[in-house]
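Novice: Submitted below is the structure of interest, expressed as structure tokens.
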Amino acid sequence: MALIWISIRIILLGYERIAGKKIATNEHALISSWGFFTFSLLVMFPFFKDLNLNIFTISLISGSIYTISFFLYVYALSIEDASIIAPLYNMNVVFLILTTFLFLSESITLSKILGSLLMIYGVSFLKKDINIIESYKNLFKSKGAIAMIVSSFLMAIGRTLDGFFAKNMNTTGYSVGIYTVVSLELFVFSLIKFKSLKPHINLIKNKYKDLISGGISNSYSYIALLNAFKYIDVSIAEPVSMLSTLVTAIIAKVVFKEKISVRLAGILILILGAFVIYK
């Protein structure tokens with residue numbers, strides 16, 4: 001079952017960034033985030049019955065962290081290539097080493113350290129230049145890249161909480177709880193900023209197809225991850241999920257005409273680093 005759930009996760013997550021970029025293009029990141037994750041919640045309608053007050057209360061903790069992380073994720077997609085954001089999304093694997101050590105008592109090993117260094121090296125290929133220092137300079141000049149790195153750190157905290165909570169409750173109910181919290185908080189923030197529902201309505205009118213496909217990809221990839229946690233550790237499920245980055249890069253080349261040849265090398269190094277971490 002672990003293989004089935006992880007495979008679903010890889011395919012859906014691979015397409016999620018494509019849909020997310022389509023939604024965020026030429027739209028305000030806050031409105032795009034609201035639309036993306038509200039539709040993710042809506043397509044989870046069959047599982048609403050699994051949500052109860054206790055689950056919702058617990059979901060407030062990780063959901064609030066995800067609200068900030070998901071906003072930064074959509075903001076990053078709106079201003080940077082999907083084939084750059086996807087690998088940086090998976091840097092949460094490195095951050096997970098620290099968070100799972102602190103909160104889940106998972107050990108820090110030599111392989112985790114070496115794998116992390118390998119992943120950090122792989123990142124330099126995303127904006128390759130004449131040497132590694134210039135490559136990192138190029139990367140950190142990108143507001144989208146920086147936003148995604150911060151998002152990945154927050155995501156690692158969220159995933160750590162998921163790994164703890166998901167083993168003790170209904171995973172679909174917990175998923176609905178998370179997305180309810182995220183959707184409500186983003187709606188409140190966007191309403192405060194724009195003081196009108198017009199931007200929300202316009203987004204739905206203009207991008208309903210991408211909102212639906214993005215919502216399905218995002219929500220069900222998350223459910224697949226939570227179900228995978230029942231069979232394998234969070235520290236294994238996350239690096240295997242990184243194969244989705246290849247799916248994103250290939251689709252981004254076709255849909256957005258992104259130049260991915262050099263980035264593919266970096267993605268492969270990142271994936272190798274993840275497997276070294278959790279060999």
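Novice: Yes or no: region 148-155 includes at least one residue that is crowded, with 20+ Cβ neighbours inside 10 Å, touching a Phe, Trp or Tyr at 6+ places or on another chain (Cβ under 7 Å), within 18 Å of ASN92 (Cβ to Cβ) and of a type in the set (A, V, I, L, M).
Specialist: Yes, because at least one residue in region 148-155 is crowded, with 20+ Cβ neighbours inside 10 Å, touching a Phe, Trp or Tyr at 6+ places or on another chain (Cβ under 7 Å), within 18 Å of ASN92 (Cβ to Cβ) and of a type in the set (A, V, I, L, M).
Novice: Still on this model: When you go through (1) surrounded by fewer than 23 Cβ atoms within 10 Å (Cβ to Cβ); (2) at pLDDT below 90 one by one for ILE133, which number turns out not to apply?
Specialist: Here ILE133 clears every test but (2).
Novice: Go through region 1-15 and report how many residues are surrounded by fewer than 19 Cβ atoms within 10 Å (Cβ to Cβ) and of a type outside the set (A, V, I, L, M, F, W, C).
Specialist: 1
Novice: Being within 27 Å of LYS209 (Cβ to Cβ), of a type in the set (Ser, Thr, Tyr) and surrounded by fewer than 20 Cβ atoms within 10 Å (Cβ to Cβ) is the filter here; which residues of region 16-59 pass it?
Specialist: THR25
Novice: Go through (1) touching an Asp or Glu at 6+ places or on another chain (Cβ under 6 Å); (2) in a loop (DSSP other than H, G, I, E, B) for TYR231 and report which single condition fails.
Specialist: For TYR231, the exception is condition (1).
Novice: Please enumerate the residues belonging to region 185-208 that are in contact with a helix residue (DSSP H, G or I) (Cβ under 9 Å, 6 or more places away or on another chain), free of Cβ contacts under 8 Å to residues at least 40 places away in the same chain and part of a helix (DSSP H, G or I).
Specialist: Matches in region 185-208: LEU191, ASN202, TYR208.
Novice: Within 27 Å of LYS259 (Cα to Cα), assigned to a helix (DSSP H, G or I), in contact with a helix residue (DSSP H, G or I) (Cβ under 7 Å, 6 or more places away or on another chain) and of a type in the set (Gly, Ala, Ser): is that true of SER116 in this structure?
Specialist: Against the criterion (within 27 Å of LYS259 (Cα to Cα), assigned to a helix (DSSP H, G or I), in contact with a helix residue (DSSP H, G or I) (Cβ under 7 Å, 6 or more places away or on another chain) and of a type in the set (Gly, Ala, Ser)), SER116 qualifies.
Novice: Could you check region 1-54 and list, in sequence order, the residues that are free of Cβ contacts under 8 Å to residues at least 60 places away in the same chain and not in a helix (DSSP H, G or I)?
Specialist: Those that are free of Cβ contacts under 8 Å to residues at least 60 places away in the same chain and not in a helix (DSSP H, G or I): THR25, ASN26.
Novice: Between GLY163, GLY177, GLY173, which is surrounded by 18 or more Cβ atoms within 10 Å (Cβ to Cβ), at pLDDT below 95, touching a Gly at 6+ places or on another chain (Cβ under 9 Å) and part of a helix (DSSP H, G or I)?
Specialist: GLY177
Novice: Still on this structure, please answer the following. Taking interchain pairs and intrachain pairs at least six residues apart, which have beta carbon atoms under 6 angstrom, with the first residue in region 258-279 and surrounded by 15 or more Cβ atoms within 10 Å (Cβ to Cβ) and the second β-branched (Val, Ile, Thr)?
Specialist: Filtered contacts from region 258-279: ILE267/THR245; ALA274/VAL93; TYR278/ILE236.
Novice: Considering only residues that are of a type in the set (Gly, Ala, Ser) and under 22 Å from LYS21 (Cα atoms), look in region 225-279 and name the one that is farthest from the chain's Cα centre (by Cα).
Specialist: SER261
Novice: Check VAL150, VAL182, VAL123 and return the single one that is of a type in the set (A, V, I, L, M, F, W, C), closer than 30 Å to ALA228 by Cβ and touching a Leu at 6+ places or on another chain (Cβ under 6 Å).
Specialist: The unique qualifying residue is VAL150.
The values are calculated or read from the model by the stated rules, or taken from the named source; none is laboratory data. On a predicted model such as this, the values are computed, not experimentally measured, just so you know. Neighbour counts are summed over all protein chains in view; Cβ atoms, including those assigned to glycine, are modelled from backbone coordinates with ideal geometry.
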